[in-house]
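Colleague: Take a look at the following structure, please.
No lab work stands behind these numbers, since they all come straight from the coordinates. It should be emphasised that the depicted structure is a prediction, and the values quoted were computed from it without experimental measurement. Cβ placement follows ideal geometry from the backbone for every residue including glycine, while neighbour counts extend to all protein chains displayed.
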Amino acid sequence: MSWTEVADGVFARRYDELDLTTGLVLGQERCLVIDTRGDVDQGAEFAAAVRELTELPWSVVYTHAHFDHAFGTTPFLPCDVWAHPGCLRALLKNGEADKRTWTAHYREEGKPEIADAIERTGPMPPDRLVADRAELDLGGRTVAFVHPGVAHTDHDLLVHIPDADVVFAGDVVEHGPHGFTAYSFGPDDQLDAWAAAMDALLALKPRIVVPGHGDPVDEEFVRTHRDGLLRLHELKTAGASLEEALRDSPYPEDVTRAALGFS
Ligand SMILES: [Zn+2]
């Protein structure tokens, strides 16, 4: 795990576990923590790492409700926690089930310490809701939270730092070898809406896009995968067979299967 300063006072922090990327934006009066990792222990590690860089009071924002982004919050409290209303709904509806699913996953994977930590974790609902767009003044620097429409989930939130031309994209953009993994796609995503959400991201004209997993990327990377999503959407609406889809998809088999709903 390590910090990268992607722009002046804008940091990405990378983790081996799930290839996760979190963020930190420094203002003159406060700082903004972007996502909190997946459990209380991981959140405590992240909070301590932030405290090595700054003593400023913090606010937290969730890019979306998935456990690896939003379950590490209690070590940051008390603070304001920003998210889309759909994120609050998802945490209330699925939080306990997600805890059970991922506890079982990590036990099976032979990582009992992470499973135990998730069991001790109480998902922390956001208290500042952003349906469409909101701004947060950090002192000398204002950041914007932007809901780009349905994408990886129905409640993704982008974090735009206009003075640095940086956007934290959560899982609207994922890096990794193929841009997406089989885990990128889930019950709430809509491929064409997701491509439109990437256009909304590109409209912010970022120089650097920090994905929810993987290293920072540029606009060109986002454009490439917007086009990839549109291709997948075409295959889906044309009712392509698995064989046709695998032949024409720009992505490897596991990603194509997940995106098009082939089991
Ligand atoms: Zn996710």
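Colleague: Within the stretch 102-143, take every residue that is closer than 17 Å to Ala70 by Cβ and of a type in the set (Lys, Arg) and give me the one that is nearest to the chain's Cα centre (by Cα).
Modeller: Only one residue fits best here, namely Arg128.
Colleague: Further question on the same structure: Please go through the stretch 90-107 and give me each residue that is surrounded by 15 or more Cβ atoms within 10 Å (Cβ to Cβ) and within 16 Å of the ligand (Cβ to nearest atom), ordered by number.
Modeller: Passing the criteria: Ala90, Leu91, Asn94, Gly95, Asp98, Lys99, Trp102.
Colleague: Would you be able to tell me the number of residues in the stretch 158-185 that are surrounded by fewer than 21 Cβ atoms within 10 Å (Cβ to Cβ) and over 14 Å from the mean Cα position of the chain (by Cα)?
Modeller: Qualifying residue count for the region: 7.
Colleague: Okay, next question. For the stretch 127-157, enumerate the residues that are within 14 Å of Val10 (Cα to Cα) and surrounded by 24 or more Cβ atoms within 10 Å (Cβ to Cβ).
Modeller: Result: Val143, single match.
Colleague: Hey, among the residues in the stretch 63-82 that are within 13 Å of the ligand (Cβ to nearest atom) and not aromatic (Phe, Trp, Tyr), which one's nearest to Leu136 (Cα to Cα)?
Modeller: Thr63
Colleague: Among the strands (runs of 3 or more DSSP E) lying completely within the stretch 136-207, list those that include at least 2 residues that are β-branched (Val, Ile, Thr) and more than 16 Å from the ligand (Cβ to nearest atom).
Modeller: In the stretch 136-207, the matching strands (runs of 3 or more DSSP E) lie at 142-146, 166-170.
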